[in-house]
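The values are calculated or read from the model by the stated rules, or taken from the named source; none is laboratory data. Keep in mind that this is a model prediction, so the values were computed, not measured. Methodologically, a virtual Cβ is constructed for each residue, glycine included, from the backbone with ideal geometry; neighbour enumeration extends over all protein chains shown. When the accessible area is computed, the model is the full protein with side chains, heavy atoms only, and any ligands, DNA or RNA have been set aside. Shrake-Rupley method; radii C 1.70, N 1.55, O 1.52, S 1.80 Å.
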Amino acid sequence: VKTDIIIIGAGPVGMFAVFELGLLGLKAHLVDILDKPGGQCAELYPEKPIYDIPGFPIIGGQELVDNLMKQIEPFEPTFHLNQMAEKVEKTEEGWRVRTDDGLIIDAPVIVVAAGGGSFMPKKPPIPGIEALEGRGVAYSVRRMEDYRGKKLIIAGGGDSALDWTMSLKDVAEHVTLIHRRAEFRGAPASAAQVLGMAEVGEIDFVVGQPKAFEDDNGQLSGLIVKTADGEKTIEADAFLPFFGLTMKLGPLSDWGFDLKDNLIPVDTEKFQTSQPGIFAIGDINWYPGKLKLILSGFHEAALMAHAAKKIIHPDERVVFQYTTSSTKLQKLLKVA
Ligand SMILES: Cc1cc2nc3c(=O)[nH]c(=O)nc-3n(C[C@H](O)[C@H](O)[C@H](O)COP(=O)(O)OP(=O)(O)OC[C@H]3O[C@@H](n4cnc5c(N)ncnc54)[C@H](O)[C@@H]3O)c2cc1C
């Protein structure tokens, strides 16, 4: 894939960067490890009210994300979700990002909007789990088709475990849901639906804790579960534990930035890093006086966009314009 800008991180700041870049006629591709845009707002506090977004006396975390999606719609950004931006490499024409799903994106400019780092799955403490990752064990569903005809075990009591149990029961040969108790953290309506499915035998529900794996030549073949009555072995080709997410710096610590307390230092004119053509905006950057606020990230996105434009189209003169009065901007916004 070739584009103008690769944005690593589709949190509120990465999303708003699409808007500022779009006003300058630049196209963006966004990569995020989450299965949805919105970063911390969508993942950590979708229903909490935010009181310090200019112009919105009160707005919910997910509501802000939904509004941002609407605002950037005219610029048709491409989202590559469920993918970790793993490698950043210099090319003759600019930069290349490789994701852990095999995607390669080339662009003259990269914007790192990685917030508090990438959301990583919390792994259950089962011996040997890492050796079985990609060999039956996974922490997210990239393609439902991968589970067609499989004997699947899902573990967890939150919305992800419940939602995927409901979605995959018609794809997999058989689904077993494991949770340490018969009460769930997830939405009560989903919990009731899943327990109903177990009652009529559409799925199995086991109260217990995953304890050990069985494998066949390094490929998952079963899971030993500790239950109130002892131990139980369940045959499985696939195991999906949904035990929540934690934020970790992730691969960006290897991308050659001179990190300061795990943050990327930038200048305050362009928000460019020590590597020309790579910018860092939002919670991931550091400069004297930095405040980790959404509004700071929005401001940084606007200045970054103007600097990126000069790298991508060095011969084009950019005239500063207002959206209220510029027909050119209104055409880009598809309102004129
Ligand atoms: C409970 C809570 C309440 C808050 N309340 C407020 C408030 O009232 N007002 C306010 O201004 N701020 C508030 N904040 C802070 C605000 O949420 C952050 O400032 C904001 O989310 C930063 O946006 P961002 O886009 O920079 O990063 P994030 O929202 O952290 O998004 C970064 C995204 O990058 C992705 N990512 C990182 N590395 C990679 C990689 N290598 N590959 C793929 N994806 C990657 C992550 O998965 C994530 O989705 C609050 C935060 C919390 C936790």
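Taking the longest Cα principal axis of the chain as reference, the axis of helix 61-72 is set at about 50 degrees.
Between the listed residues ALA198, ALA10, LEU81, the Cα displaced farthest toward the positive end of the dipole of the chain, a dipole computed from Cβ unit charges relative to the Cα centre, is found at ALA10. Segment LYS260..SER274, full-extension length gain: 3.8 nm, with 0.36 nm per residue of separation and the alpha-carbon distance subtracted.
In order along the range 205-214, phi translates into HN-Hα couplings of 10, 10, 8, x, 10, x, 10, 8, 9, 10 Hz, rounded to whole numbers, per the Karplus curve 6.51 cos²θ - 1.76 cosθ + 1.60 with θ = phi - 60° and x for Gly and Pro.
Amide H contacts under 5 Å for PHE239: VAL137, ALA138, ILE153, restricted to partners 5 or more places along the chain or on a different chain, H placed in the peptide plane at 1.01 Å from N. Candidate cross-link partners of LYS169 among the lysines, defined by an alpha-carbon separation under 18 Å and a same-chain spacing of 8 or more, comprise LYS150, LYS151. Here the 3J(HN,Hα) profile of the range 294-301, calculated from phi with Karplus coefficients 6.51, -1.76 and 1.60 at θ = phi - 60°, is 4, 5, 5, x, 5, 4, 4, 4 Hz, Gly and Pro shown as x.
Spin-label model, LYS123 to LEU295: label points 7 Å out along the Cα-to-beta-carbon direction sit 4.2 nm apart. Placing unit charges on the Cβ atoms of the charged side chains and taking the dipole of the range 157-309 about its Cα centre, the candidate lying farthest along the positive direction among SER167, TYR287, SER253 is TYR287. The residues of the range 212-267 present an accessible area of 54 Å² per residue when probed at 1.4 Å with all protein chains retained. Calculated accessible area for the range 35-152 comes out at 53 Å² per residue, all protein chains present (probe 1.4 Å; ligands, DNA, RNA ignored). Close amide-amide hydrogen proximity is noted between TYR45 and no other residue 5 or more places distant or on a separate chain, at a cut-off under 5 Å (H modeled in the peptide plane; Pro and chain starts excluded).
Taking the accessible area of the range 201-312, probe 1.4 Å, and keeping the other protein chains in place, the carbon and sulfur fraction comes to 47%. Under a 5 Å amide H cut-off, with hydrogens placed 1.01 Å from N, LYS211 pairs with ILE224, VAL225, LYS226 among residues at least 5 apart or on other chains.
Once you reduce the range 88-119 and the range 1-76 to the center of their Cα atoms, the two points are 18 Å from each other.
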